[in-house]
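These notes concern the structure reproduced below.
The values are calculated or read from the model by the stated rules, or taken from the named source; none is laboratory data. What you see is a predicted model, and the numbers here were worked out from it, not measured in a lab. Note that each Cβ is placed from the backbone with ideal geometry, even for glycine, and that neighbours are counted across all protein chains shown. Protein only, heavy atoms only, side chains kept; ligands, DNA and RNA dropped before computing areas. Shrake-Rupley method; radii C 1.70, N 1.55, O 1.52, S 1.80 Å.
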Amino acid sequence: MRTAYSVETVRAAERELMARLPEGALMQRAAAGLAAACADVLGRVYGSRVVLLVGSGDNGGDALYAGARLARRGAGVRAVLLTPGRAHAGGLAALRRAGASVVPDAGGAVGLVEQADLVVDGIVGIGGKGGLRESAVPLAEAARRGRGVVVAVDLPSGVDADTGEVRGVAVRADVTVTFGAYKPGLLIDPAREYAGVVRFVGIGLETVGARAPEVEALQHADVARLLPVPGAESDKYRRGVVGVAAGSARYPGAAVLAVGGALRGGAGAVRYVGPAGGAVLARYPETLVSERGPARAGRVQAWVVGPGAGDDATTVGEVLAADVPVLIDADGLRLAEVGAVRGRGLRGVPTLMTPHAGEAAALLGVEREEVESGRLAAVRELAARYEAAVLLKGSTTVVAEAGGRGAVRVNPTGTPWLATAGSGDVLSGLGGSLMAAGLSAVDAGSVAAYLHGLAGRFAADGAPVAAEDVAGRVAEAWRSVVGARG
């Protein structure tokens with residue numbers, strides 16, 4: 001499990017460690033890791049041109065000490081001081097002793113940044129809020145259009161470490177070297193896009209792991225442990241039956257895709273209820289089709305409701321009245337009454353909502369851009385308002401516990417090619433099937449997103465992909481995860 005911690009938590013762990021170490025030792029550890037990462041990026045350090053963008057905080061000190069190490073290896077290092085009177089004194093002295101130079105005028109350093117082989121962003125640390133100050137903007141823009149690789153110290157300057165928000169101009173890094181613990185902003189868009197490749201450097205913050213993370217991301221081994229595996233005595237009913245109430249005369253394909261995802265999600269059988277039974281049976285003859293509505297369709301361990309449902313509020317209400325886990329997607333999100341969903345949560349009946357940003361914005365009564373720029377806040381607010389687990393789809397898919405409590409799960413897999421019609425229907429069927437197989441709402445959503453993302457990568461392989469292609473590669477994704485477990 002990859003975990004990310006708030007700025008407050010990281011700083012508390014740093015204070016505890018610094019109390020046990022000689023003065024400056026922690027910064028030296030960070031600088032050594034930063035310098036090693038920069039050397040790896042450069043390949044050949046001797047003779048390379050390195051420009052440090054140095055602010056007034058500890059990030060600036062890290063950059064200066066790392067620059068001194070690179071200068072001692074023969075790099076031509078120049079430090080641009082954005083706040084000359086407040087630069088880290090010890091780092092600045094070390095830099096000068098190593099033979100590097102200081103650029104006195106940040107305004108005249110744009111050309112140097114553009115021509116550098118490596119630009120080190122040490123402008124703002126993890127406590128920075130809002131975008132870059134006006135004086136730093138030309139340097140950030142020069143780094144973006146320049147020829148060199150941009151390496152950010154701990155996280156790109158101008159992004160919010162705790163939320164992943166970007167409220168102005170920020171540095172776009174090719175590599176981010178982060179110290180001691182991951183920060184939420186490195187895992188969540190839009191900030192994640194600014195971070196580039198994230199390289200972790202351990203500096204001894206072991207005590208941070210005893211604290212509650214803000215964000216966590218499953219890895220292959222975590223998903224493998226959660227996947228349902230049938231036993232010797234299993235039959236299709238013991239493995240779980242998932243009901244799918246989806247589709248309409250206008251959108252029969254949504255039913256077909258949701259059933260396709262459900263059949264590949266670990267449950268032993270899939271029941272379908274809705275007007276697209278013929279289309280479903282033509283594609284998946286193993287489906288158990290009923291025309292009698294959810295309440296009389298037969299036993300299920302979980303329901304999926306909403307994909308392509310149109311205005312069928314009656315079916316949505318009937319599913320929400322069931323005393324089994326329910327996944328609500330697409331039209332079902334619009335048709336589900338807040339009280340009905342919230343009541344399920346207060347009774348302890350698991351519910352998972354799976355909106356994309358536009359649907360989440362409509363439910364919250366805000367603009368889509370507000371959801372996309374603040375995914376953590378949006379998913380927590382929805383989970384609290386509905387007392388349901390929420391999977392917010394998008395460039396970063398995030399999953400929150402009912403009530404918005406605990407760490408938010410961030411999905412690390414996927415591809416932009418998954419932004420295609422019907423892809424979400426496959427995801428909803430997959431998630432519902434995992435719930436029927438016994439996973440909690442958060443685990444089912446997290447595992448479904450992980451497998452769906454892998455399947456999307458396998459199906460696309462760098463080219464456009466259709467939703468049915470994604471469904472067809474779920475088994476391959478499943479095997480790849482299980483294979484990693486050995």
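Worth a mention:
- Within the option set A142, A161, A170, A152, being surrounded by fewer than 24 Cβ atoms within 10 Å (Cβ to Cβ) and not aromatic (F, W, Y) holds for one residue only, A142.
- Inside the stretch 425-465, residues that are more than 17 Å from R479 (Cβ to Cβ) and either in a helix (DSSP H, G or I) or in contact with a His (Cβ under 7 Å, 6 or more places away or on another chain) (or both) make up a count of 17.
- No other residue among G414, G432 is open to solvent by less than 30 Å² (accessible area, probe 1.4 Å), in contact with a helix residue (DSSP H, G or I) (Cβ under 9 Å, 6 or more places away or on another chain) and modelled with pLDDT under 95 apart from G414.
- Criterion violated by T420 - all others in (1) farther than 26 Å from A463 by Cα; (2) surrounded by fewer than 20 Cβ atoms within 10 Å (Cβ to Cβ); (3) of a type in the set (S, T, N, Q) satisfied: (1)
- Among the residues of the stretch 356-368, those identified as on the phi < 0 side of the Ramachandran plot and either touching a strand residue (DSSP E or B) at 6+ places or on another chain (Cβ under 6 Å) or open to solvent by 30 Å² or more (accessible area, probe 1.4 Å) (or both) are H356, E359, A360, A362, L363, V366, E367, R368.
- Residues in the stretch 109-120 that are touching a residue at least 40 places away in the same chain (Cβ under 8 Å) and touching a Gly at 6+ places or on another chain (Cβ under 9 Å): V113, Q115, A116, D117, L118, V119, V120.
- Count of the stretch 214-241 residues, restricted to those that are at pLDDT 95 or above and more than 15 Å from A477 (Cα to Cα), is 5.
- Every pair of residues 6+ apart whose Cβ atoms lie under 9 Å, when the first sits in the stretch 332-359 and is among the small types (G, A, S) while the second is in a loop (DSSP other than H, G, I, E, B) and open to solvent by less than 10 Å² (accessible area, probe 1.4 Å): G332/A246; G332/G306; G332/P307; A336/G306; G345/A388
- As for the stretch 124-135, it holds at least one residue that is within 24 Å of V41 (Cα to Cα), in contact with a helix residue (DSSP H, G or I) (Cβ under 6 Å, 6 or more places away or on another chain), modelled with pLDDT under 95 and surrounded by 19 or more Cβ atoms within 10 Å (Cβ to Cβ).
- Residue tally, condition small (G, A, S), surrounded by 17 or more Cβ atoms within 10 Å (Cβ to Cβ) and closer than 24 Å to R15 by Cα, over the stretch 49-93: 9
- Candidates Y65, Y46: the one that is assigned to a loop (DSSP other than H, G, I, E, B) and of a type in the set (S, T, Y) is Y46.
- Flag if A224 is open to solvent by less than 10 Å² (accessible area, probe 1.4 Å), closer than 27 Å to A87 by Cα and touching a helix residue (DSSP H, G or I) at 6+ places or on another chain (Cβ under 9 Å): no
- Scanning the stretch 227-273 for residues that are within 20 Å of D312 (Cβ to Cβ), buried (at least 19 other Cβ atoms within 10 Å of the Cβ) and basic (K, R) yields a single hit, R271.
- Tally of residues being open to solvent by 10 Å² or more (accessible area, probe 1.4 Å), under 13 Å from the mean Cα position of the chain (by Cα) and not hydroxyl-bearing (S, T, Y) across the stretch 173-197: 5
- Taken over the stretch 198-220, the criterion of being under 18 Å from the mean Cα position of the chain (by Cα) and under 30 Å from R11 (Cβ atoms) is satisfied by V198, R199, F200, A212, P213, E214, V215, E216, A217, L218, Q219.
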